[in-house]
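No value in this document is a laboratory result; all are computed from the given coordinates. This structure is a prediction, so every number in the text was calculated from the model and none was measured. Here the Cβ is made from the backbone with ideal geometry for all residues, glycine too, and neighbour counts use every protein chain on show.
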Amino acid sequence: MSIIVTDTGFAADDWADAGAIVSLDEALEAGLPQSNARLGLDLPNDADIDQIRGLLDRVSLVRIAFPSFADGRGFSLARRLREIGFAGRVRAAGHVIPDQYAFARRSGFDEIEISDEAGSRQTEDQWIAHAGWAQSSYQDQLGRAHHPAA
Amino acid sequence: MYSYSEFDEGYVRERVRKFRSQVERRIDGSLTEDEFKPLRLMNGLYLQLHAYMLRVAIPYGTINPAQMRQLADIADKWDKGYGHFTTRQNIQFNWPKLKDVPDMLDALADVGMHAIQTSGNCIRNVTADHFAGAAADEIEDPRPTAELLRQWSTDHPEFTFLPRKFKVAITGSPNDRAVTKAHDIGLRMVRNEAGEPGYEVIVGGGLGRTPMVGKVVREFLPKIDLLPYLEAILQVYNLSGRRDNKYKARIKILVHETGLDEIKTRIEAAFEAQKKHFRGPEPSLVAAIEAAFSQPELDPPVMSISLDTPVRDPLLESWIDTNVSEHKVPGAAIVTVSLKPIGGTPGDATSDQMRVLADLAERYSHNELRVSHEQNIILPHVYRADLPAIHAALREAGMATANVGLISDIIACPGMDYCALATARSIPIAQEISQRFEDIRVQKDIGPLKIKISGCINACGHHHVGHIGILGLDKAGVESYQLTLGGDGTQTATIGTRTGPGFAADEIIPAVERLIDAYLGLRESRDETFLEAYRRVGMEPFKAALYSEAKAHAA
Ligand code: SF4
């Protein structure tokens, strides 16, 4: 099981019941499944956003992998997704730490998916301490939009 | 000078509070050492050879007397009574205890200072020409831009976990004193044909194990486009920079492996996208920053001393000759206080010396000091008439060494004495060279010469751009010093060329002496500097001086 972290704290994954998540390789090879269910797309963090533009109007969630918290590519991918107008849910999944929550939210992520093990070490209060991410930042002051799509 | 806005103040305090919590969570195990490491690095805290080291930012090298006094107090309270000014316009404290660091950061915040992003794989403290706002050759003061960049890069949501560290330098003068071509991004303030201000943007310079001179990616970037353009460069780097090998992770390698044209195309494409999502700062914010750097009102008294006043103290005269530079206002001057006493540690200042510097800045330099990347302190706005008094006060504090720009004005990294990565000592080599050429008349006869020393391949001592560069390596457990010649960190940036095999610790000083003798023998006149002579005659005569004699000795 995994935990979904948002501004209000920990919750169970509501997507698991609502729809499927397809890997990028599958989607590129076989196309997206033809069903009416909601679709999610899994992106590795070396994905090329331009390559997946065509898929985006069919998916309502993009999940970007964080293999290591020290690898910041995911932040730029989320930003790029928002830049090209993706308005669905964007989720960071994997090794993200509470101290990165504000960065993730400001880059365009809506939520973080962490493992139960990570959630027991880095507890809910440690994440909620960063829920005030939307308060003014230097970048806001300098006129950098944080949700360009919205 | 810029002072913290309410926003800055709130931000820095919050940041200290967060760091306090991170230290606590490290201690209670919520954060693993791996997870804590980048967080402490982003707050300037390194683990060194003997202890933690705290690196405090002096953004674009500008500091006021109250801040300098606070650094002195911090040195007394939590360190051993001194600090070390670095080649990136920072100050390092070498002996803090982990538990004291949040208090030290609070003490810094009290005077509008911080240690944010002085290390880690993020955008580092932005450096600038240390004569900014005072230099006679300046087109425009680069510090308003540097302050804008400080704000933009602080806690940047997208660019705080980059493949590797990222350094930006800016100059507003055609004579580049900020080594812009050896930075990940170098900015030179220029004017276009219509006379509008903008920047030349240089990318992919850097020293370290693969030294490279930066390349121009934009000859003229209008001022207004700076932030979205930098966002574009950083986004391209964050997504495509190598993460498989730490030694190949800097942007210089990406530029090199991808090719300049392709990189330019990618940056321009990203820039088009960024522009749409960048409203730009409120004009009032930009105006407030610019106003903060307006030149102090200088009203020099009619000069009571001039260079040709006959009765003068020869020590004063010698010091004026080397340590005083031309100011943009006639009758005013820029003083460089040498932190390179003969036999001393380059860049070290005691807390008492810091207080003397603060007093002098208050009394004579319109409340401003600068830290130079050459590890000296600058009094940027003094009156020529006050030079004798300033010199006398510096003499009393042991800071009147008249050697700026000369052979004993050496840049040296901490090396084996402090640094965990070092492969050799560098400070003792600097000390020995300065002792060997102690006589100031000899130094003056040799003329302008930059010796730069690094204690390992990481090149923090910038040896690649020293006229004479010295790199300390470890050869099977023995220190070996490799020489490079002809390096240059200015607008004519050049990476020095290796002379050949290295020298043992007890051979390196005689080797430097042979280089100097060779230069003195072959220069066309006293006006031909070491670098000019090297450029004219090339490596051969120097090589001959270095190695044929060594062989003769061995035989
Ligand atoms: S050059 Fe090497 S030894 Fe010197 S400070 Fe840098 S890492 Fe340490």
- Contour minus end-to-end for B:E193 and B:E257, with contour as 0.36 nm per residue of separation and end-to-end as the Cα-Cα distance? 19.7 nm
- Item | Amide N of the stretch B:73-105 lying under 20 Å from the label point, which is placed 7 angstrom from the Cα of B:E24 along Cα→Cβ | B:97-105
- Message: Per-residue Cβ counts within 10 Å, from other chains only, averaged over A:38-50: what number is that?
- Response: 1
- Query: How are the Cα pair distances of the stretch B:1-101 distributed, in percent, across 5 Å bins from 0?
  - Reply: 2, 11, 19, 24, 21, 15, 6, 2, 0
- For B:Y481, the net charge from surrounding residues (Cβ-Cβ under 12 Å; K, R +1; D, E -1) works out to -2
- Note on the structure: Partnerless cysteines (no other Cys beta carbon under 4.7 Å) identified across chain B are B:C122, B:C419, B:C456
- Query: Helix by helix, which DSSP H runs in chain B go 18 Å or more along their axis at the Cα atoms and have an average Kyte-Doolittle hydropathy of 0.0 or more?
  - Reply: B:226-240, B:505-522
- About its Cα centre, what dipole magnitude does the protein assembly as shown give when the only charges are +1 on Lys and Arg Cβ and -1 on Asp and Glu Cβ, stated in debye to the nearest 20? 940
- Which of B:L360, B:G29, B:A66 sits farthest toward the positive end of the charge dipole of chain B, with +1 on the Cβ of Lys and Arg and -1 on the Cβ of Asp and Glu? B:G29
- Message: Please compute the modelled spin-label separation between B:E297 and A:Q34, points set 7 Å along Cα→Cβ, answer in nm with one decimal.
- Response: 8.1
- By per-residue mean of other Cβ atoms within 10 Å, what is the highest-first order of A:46-57, B:512-523, B:422-433, B:374-385? B:374-385, B:422-433, B:512-523, A:46-57
- Item | Cα gyration tensor category, rounded, prolate or oblate, for chain B with a/c compared to 1.5 | rounded
- Within 10 Å of each Cβ of B:23-36, how many other protein chain Cβ atoms are there on average? 3
- Message: For the protein assembly as shown, what does the helix formula give at 222 nm: sum of -39500 (n - 2.57) over DSSP H segments with n ≥ 4, over the residue count, nearest 500 deg cm²/dmol?
- Response: -10500 deg cm²/dmol
- Query: So what is the orientation-averaged projected area of chain A, using the convex hull of its C-alpha atoms, in nm²?
  - Reply: 9.0
- Note on the structure: Checking rank on B:312-323, A:95-106, with mean other Cβ inside 10 Å and highest first, the result is A:95-106, B:312-323
- Message: Based only on other Cβ atoms within 10 Å, what is the fewest-to-most ordering of B:H277, B:H373?
- Response: B:H277, B:H373
- Query: With the dipole of the protein assembly as shown worked out from charges on the C-beta (+1 for Lys and Arg, -1 for Asp and Glu) around the Cα centre, which of B:P541, B:L187, B:V56 lies farthest toward the positive end?
  - Reply: B:P541
- FRET efficiency for A:A18 and B:D106 from the Cβ-Cβ distance with R0 = 60 Å, rounded to 0.05, comes out at 0.80
- Task: Report the local net charge at B:D261: Lys and Arg +1, Asp and Glu -1, summed over other residues whose C-beta lies under 15 Å from its C-beta.
- Result: 0
- Evaluate E = 1/(1 + (r/R0)^6) for B:E14 and B:R536, where r is the Cβ-Cβ distance and R0 equals 51 Å; express this FRET efficiency to the nearest 0.05. 0.35
- Cα centroid of the stretch B:60-134 to Cα centroid of the stretch B:438-484, whole Å: 26
- Query: By counting other Cβ atoms within 10 Å of each Cβ, how are B:F503, B:F166 ranked from fewest to most?
  - Reply: B:F503, B:F166
- Does the protein assembly as shown come out rounded, prolate or oblate by the C-alpha gyration tensor, with a ≥ b ≥ c the root eigenvalues, rounded set by a/c under 1.5 and, if not, prolate when a/b is larger than b/c and oblate if not? prolate
- Query: Cβ under 13 Å from B:E528's Cβ, B:E528 left aside: what net charge do those residues give with Lys, Arg +1 and Asp, Glu -1?
  - Reply: 0
- Note on the structure: For chain B, the dipole about the Cα centre with charges only on Cβ (Lys and Arg +1, Asp and Glu -1), to the nearest 20 debye, works out at 1700
- Message: Between B:D517 and B:Q435, what is the label-point separation in nm under the 7 Å Cα-to-beta-carbon projection?
- Response: 2.0
- Take the Cα of B:S284, step 7 Å along the line toward its Cβ, and report every residue of the stretch B:134-162 whose backbone nitrogen sits under 17 Å from that point. none
- Along the charge dipole of the stretch B:142-291, which of B:L227, B:M212, B:G198 sits closest to the positive end, that is, farthest toward it, with unit charges on the beta carbon of Lys, Arg, Asp and Glu (+1, +1, -1, -1)? B:M212
- Ranked packing of B:110-117, B:527-534, A:132-139, most packed first, by mean Cβ within 10 Å: B:110-117, B:527-534, A:132-139
- Would you tell me the mean number of C-beta atoms belonging to other protein chains that fall within 10 Å of each C-beta in B:149-157, as a whole number? 6
- In what sequence do B:K252, B:K77 fall when counting other Cβ within 10 Å, fewest first? B:K77, B:K252
- Message: Tell me which trypsin sites (Lys or Arg not before Pro) from the stretch B:137-227 have a DSSP coil assignment and no more than 15 other beta carbons within 10 Å of their own.
- Response: B:R209
